[in-house]
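The values are calculated or read from the model by the stated rules, or taken from the named source; none is laboratory data. Here the structure is a predicted model, which is why all the values come from computation and not from measurement. Quick reminder, even Gly has a Cβ in these numbers, built from the backbone with ideal geometry, and neighbours come from all protein chains shown.
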Amino acid sequence: MNRLFRFLFRKVRGVRVYALVGRSGTGKSHHSKLVAKKFKINLIIDDGLLIKGDRLIAGKSAKEDPNFLAAVRTAVFDEEDHRREVVDVLNREKYKRIMIIGTSEKMVNKIALRLGLPEISRYIHIEEVASQEEIDTAMRVRYTEGKHVIPVPPIEITRNYPQIVYDSMKVFFRTGRIIRHRQSFEKTIVRPEFSRPDKENVSEVTLMQMVKHCIDEYDKVIKVKKVKSKEEKGEYSIYVTLQVPVRHYIGQTMSELQDYIAECIEKYGGLLVSKVSIEIEEWG
């Protein structure tokens, strides 16, 4: 069954794709089960995993990967064996609604395309389901303690990834903007290797690798010439010089590109980015 046929099969079958979008550390995985219940979503894709109810049914977790580049590749299903495993399970599962969790609309659209899913029909931004106070608290925990959430009970994570399990919690949600009743769900707190808060300041060589990977995913024609950074109180200002061919059209605005680089580095580099400045040099 080729990719186009799978796509059309799911389209005819009436599969609807949702996306939960927000910056790294804002509590997307934390709130995902509540969103899934609200919209009667059967399956969740989160950081390389395919989740059904309280079970991991396919994939592998990006939170197990030891470094930034490996985590990025896992999260967007860059490895063929990983992608094929998840696609095969999706083909066998009976479902009507699936949700992809990601840091940007670009990221979730890329995942949907790679897994042969129909176009995303609804984007839900984290601000719709979480208060600003909840978002601020989630970000503080992420960048001071390096803790992440996987939205399944700890027994499921311990069976597959015991080395990253940190703690568990049962979460009670209050009424929100689109959620109208109180719910509770059990989740697992993990501390990935790539998000350790006690690691030394990132080197500029490593930062260059991060930015190059982000830009290559964004637009393969654009080249990274130079990357510099300045760290102050745990936050990074990043200065990037890009080389762009004359008359090459960059598909999105400069502010969108800045946001994309920041989101990429925050999520998989474990760094809190205060700003990204971009300088463009034309060539050719």
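Has the stretch 264-275 got any residue that is assigned to a strand (DSSP E or B) and of a type in the set (A, V, I, L, M, F, W, C)? I'd like the intermediate steps shown before the answer.
Here is the first cut: in the stretch 264-275, the residues assigned to a strand (DSSP E or B) are 272-275.
Subsequent filtering for residues that are of a type in the set (A, V, I, L, M, F, W, C) retains 272-273.
Yes, the stretch 264-275 contains a residue that is assigned to a strand (DSSP E or B) and of a type in the set (A, V, I, L, M, F, W, C).
Among residues that are within 18 Å of TYR218 (Cβ to Cβ) and either at pLDDT 90 or above or touching an Asp or Glu at 6+ places or on another chain (Cβ under 6 Å) (or both), VAL108 is included.
If you scan the stretch 215-249, which residues turn out to be part of a strand (DSSP E or B) and among the aliphatic types (A, V, I, L, M)? Spell out the reasoning first.
Let us first name the residues in the stretch 215-249 that are part of a strand (DSSP E or B), namely 223-232, 235-245.
Passing the criteria: VAL224, VAL227, ILE238, VAL240, LEU242, VAL244.
Residue count for the stretch 70-92 under the criterion of being in a loop (DSSP other than H, G, I, E, B), surrounded by 15 or more Cβ atoms within 10 Å (Cβ to Cβ) and free of Cβ contacts under 8 Å to residues at least 40 places away in the same chain: the result is 2. Of the residues ALA62, ALA112, the single one that is touching a Ser or Thr at 6+ places or on another chain (Cβ under 7 Å) and crowded, with 19+ Cβ neighbours inside 10 Å is ALA62.
Of the residues that sit in the stretch 134-152 and are among the β-branched types (Val, Ile, Thr) and in contact with a helix residue (DSSP H, G or I) (Cβ under 7 Å, 6 or more places away or on another chain), which one is modelled with the highest pLDDT? Once the filter is applied, the top-ranked residue is ILE135.
Is it the case that some residue within the stretch 50-69 is in contact with a helix residue (DSSP H, G or I) (Cβ under 8 Å, 6 or more places away or on another chain), assigned to a loop (DSSP other than H, G, I, E, B) and of a type in the set (A, V, I, L, M)? Within the stretch 50-69, none of the residues are in contact with a helix residue (DSSP H, G or I) (Cβ under 8 Å, 6 or more places away or on another chain), assigned to a loop (DSSP other than H, G, I, E, B) and of a type in the set (A, V, I, L, M).
Looking across TYR95, TYR123, one residue alone is touching a residue at least 60 places away in the same chain (Cβ under 8 Å) and under 20 Å from SER29 (Cα atoms). It is TYR123. Return yes when ILE155 is modelled with pLDDT of 95 or more, among the hydrophobic types (A, V, I, L, M, F, W, C) and either surrounded by fewer than 17 Cβ atoms within 10 Å (Cβ to Cβ) or within 18 Å of the chain's Cα centre (by Cα) (or both) and no when it is not. When the stated conditions are applied, ILE155 does not pass them. Per the listing GLY53, GLY48, the residue uniquely at pLDDT 90 or above, small (Gly, Ala, Ser) and touching a strand residue (DSSP E or B) at 6+ places or on another chain (Cβ under 7 Å) is GLY48. Scanning the stretch 201-214 for residues that are part of a helix (DSSP H, G or I) and modelled with pLDDT under 85, we see that the one that is surrounded by the fewest Cβ atoms within 10 Å (Cβ to Cβ) is VAL205. Could you list, in sequence order, all residues of the stretch 247-263 that are at pLDDT below 85 and among the β-branched types (Val, Ile, Thr)? Those that are at pLDDT below 85 and among the β-branched types (Val, Ile, Thr): ILE250, THR253. Residues in the stretch 131-143: is at least one surrounded by fewer than 14 Cβ atoms within 10 Å (Cβ to Cβ) and under 23 Å from GLU256 (Cα atoms)? Yes, there is a match, as at least one residue in the stretch 131-143 is surrounded by fewer than 14 Cβ atoms within 10 Å (Cβ to Cβ) and under 23 Å from GLU256 (Cα atoms). Regarding the stretch 26-39, can at least one residue be identified that is in a strand (DSSP E or B) and either surrounded by 22 or more Cβ atoms within 10 Å (Cβ to Cβ) or assigned by TED's automatic domain parsing to the domain that holds THR188 (or both)? No, every residue in the stretch 26-39 fails to be in a strand (DSSP E or B) and either surrounded by 22 or more Cβ atoms within 10 Å (Cβ to Cβ) or assigned by TED's automatic domain parsing to the domain that holds THR188 (or both).
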